[in-house]
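Inspection log for the structure reproduced underneath, given as structure tokens.
Bear in mind that the values in this text are calculations on the coordinates, not laboratory data. Just so it is clear, the model here is predicted, and its values are computed rather than measured. We place every Cβ from the backbone using ideal geometry, glycine too, and count neighbours over all the protein chains shown.
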């Protein structure tokens, strides 16, 4: 399976967005001392929550594909967030 330059550029862009999101989430967790409840470092919680969101998005796309629906609508909705 060959990946086009456009697809690779889109993947890199998505990775940058997720990295920025994770960084902002870490700051939010830290500023609100949300790490205190589990005594887990803020960066670790941010990474965990980012991975949860990524896994959820993947699962939704798989579900849409399973039901024969257009999974690209899930990607379009994600860009609105």
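With an 8 Å cut-off on Cα pairs and a minimum separation of 6 or more residues, tell me the relative contact order of the chain in percent.
The normalised contact order for the chain reaches 19 percent.
With n ≥ 4 as the cut-off for DSSP H runs, can you work out [θ] at 222 nm for the chain, using -39500 (n - 2.57) per run divided by the number of residues, rounded to the nearest 500?
Calculated mean residue ellipticity at 222 nm is -26000 deg cm²/dmol.
Per the Kirkwood treatment, what hydrodynamic radius in Å, one decimal, follows for the chain from the mean inverse distance over all distinct Cα pairs?
Mean inverse Cα-Cα distance, inverted, gives 14.5 Å.
When you count, for each residue, the other Cβ atoms within 10 Å and take the mean per peptide, how do 37-49, 56-68 rank with the highest first?
Ranking the peptides 37-49, 56-68 by packing returns 37-49, 56-68.
Between residue 12 and residue 66, what's the calculated FRET efficiency when r is the beta-carbon distance and R0 is 30 Å? Round to 0.05.
0.60
Quick one: angle between helix 5-31 and the longest Cα principal axis of the chain, in degrees between 0 and 90, rounded to 10, please.
20 degrees
So how tilted is helix 42-66 from the main axis of the chain? Cα-based, degrees 0 to 90, rounded to 10.
20 degrees
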